[in-house]
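Below: one structure, written as structure tokens.
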Amino acid sequence: MKQRGFTLIELLVVCILLAIMLAVSVPAIHDSLISDPLRKGARKITGVIKEVRYRAQTSMGGCTLELDLSESRFGYSCVDSDEEQQQSSVEKKPQRLVVLPDNIRFESVWSGEKQNITSGKVSLWVSTKGMMEQTIINIGDDDRKMALVTQVFRPEIRIEEKALSFEDLD
């Protein structure tokens, strides 16, 4: 009677080969996904947009996502009562302020009437239902560009590996 199966030596060889393959691939995955500053910046912006949409749904008067293209930072502020909404002419400090990673900058923002904004400050309104205008936020470093695309009735944010404009979406 002959038994079928693997010997201990065969199993050890397979485990050693798997360990070598993991040791070679993990640093490459880490460099490309986790430590890439451009992707990190895109994840930060995506996270704040999702947070703003949630906060807008729980506030009384919606929120404003504020992008400072010149300083490469962004944040949001929310209106929590009717009195605050009436005082909209007063400049409010963002409730959360985030700075993009080093060497990452806002390239342009396409929003509203298909206008392209490349400098200064941009305010994007988020309604109490968590909706905002279709917007394209282009970020980049010296070598590459990325675009974050929001759509009016869709909660997800699409990330593209190149800069976009509204003409690219049509």
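The values are calculated or read from the model by the stated rules, or taken from the named source; none is laboratory data. Since this is a predicted model, take the numbers as computed values, not measurements. Backbone-built Cβ (ideal geometry, glycine too); neighbour counts: all protein chains shown. Areas reflect the complete protein model, heavy atoms only, side chains present, ligands, DNA and RNA absent. Shrake-Rupley method; radii C 1.70, N 1.55, O 1.52, S 1.80 Å.
Summary of values
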read-out	value
Residue match in region 141-151 (condition: open to solvent by 90 Å² or more (accessible area, probe 1.4 Å) and closer than 23 Å to residue 56 by Cα)	no
Residues (more than 17 Å from the chain's Cα centre (by Cα), assigned to a helix (DSSP H, G or I) and under 29 Å from residue 132 (Cα atoms)) located in region 6-61	56, 57, 58
Residue 3 being surrounded by 13 or more Cβ atoms within 10 Å (Cβ to Cβ) and farther than 23 Å from residue 100 by Cβ	no
Those residues of region 130-159 which are farther than 16 Å from residue 52 by Cα and within 11 Å of the chain's Cα centre (by Cα), in sequence order	138, 139, 146, 147, 158, 159
